[in-house]
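What follows is a set of notes on a single structure, which appears directly below.
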Amino acid sequence: MRRLLVALCLALIAFPLAMLVAGWMDVAQGQGLAGGAIVVGYGLLGALFAFAAAWTVPQRWLPKTLVVLALPAVLVCALMLLGYLQSRAQLDTHLQQAYEQLPPFVVTIEPGPTLDGLPTERFEADWHTRQVSLWTPSGICRAPLEGEQAVLLLTAVRNAEAVTYQNPTPCAGQLQHPVGSLSFSIQEATAGVSKAQTQLSERCLQRFAALAAPGEAAQQVVSERKFAPQCTTAEP
């Protein structure tokens, strides 16, 4: 048991040291996105060698060796945990800043996606107000629109926009079996407002699959994670 603890302590100490050595040697220089993985690989390799080296420590030295290595190992663990928490906080900050740079947009889909297995009449996501709204037979359900969801919806709307930009009425003459409608507006930074409104049909969606993307994204927003709407009495 003592030998195993010594081996773990040595591995914990060797991991960051090997990464530092790899950094000093510039092993990741010119490797692009793979650079970080290469440095971590050196750290893991150093930890493996240290773990193996622990089994060569004589039995009589194990108690003293464990006492000497325990404190540095605990400090390394604490520093790694602190670094992880700081990197997560920085990542969250960067993500929030990126979300704030999203252009204001509104997307409306009729009929809306299902909510708890029940159909809805209309779905609307508004990044102006950071809100998602669902019109149901019993009332209106609303919930906050978060940044990750906004990115998902905006990406889908951009895909649909590529179709309507080339043809403002892509489903004209293909409405024998209508399935609903899609409308959106995006406040561009330099080019005013990009908007479109089109009726949808099965034949049109088969021809232009990108027009179905906003509906699929809306269903994911409603179905996943913490969407907990507050339903009220239907508005007149």
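The values are calculated or read from the model by the stated rules, or taken from the named source; none is laboratory data. Everything quoted here is computed from the prediction, not taken from an experiment. When we count neighbours, we look across all protein chains shown, and the Cβ atoms used for this are built from the backbone with ideal geometry, even at glycine.
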Checklist outcome for this item: Scanning the range 191-219 residue by residue, those in contact (Cβ under 8 Å) with a residue 60 or more places away in the chain and among the polar types (S, T, N, Q) turn out to be 219
Next on the checklist: Looking at the structure I just gave you, is residue 14 at pLDDT 75 or above, out of contact with any helix residue (DSSP H, G or I) (no Cβ under 7 Å at 6 or more places or on another chain) and small (Gly, Ala, Ser)?
Outcome noted: no
Checklist entry - Of the conditions (1) assigned by TED's automatic domain parsing to the domain that holds residue 221; (2) modelled with pLDDT under 80, residue 81 fails just one. Which one is it? => result (1)
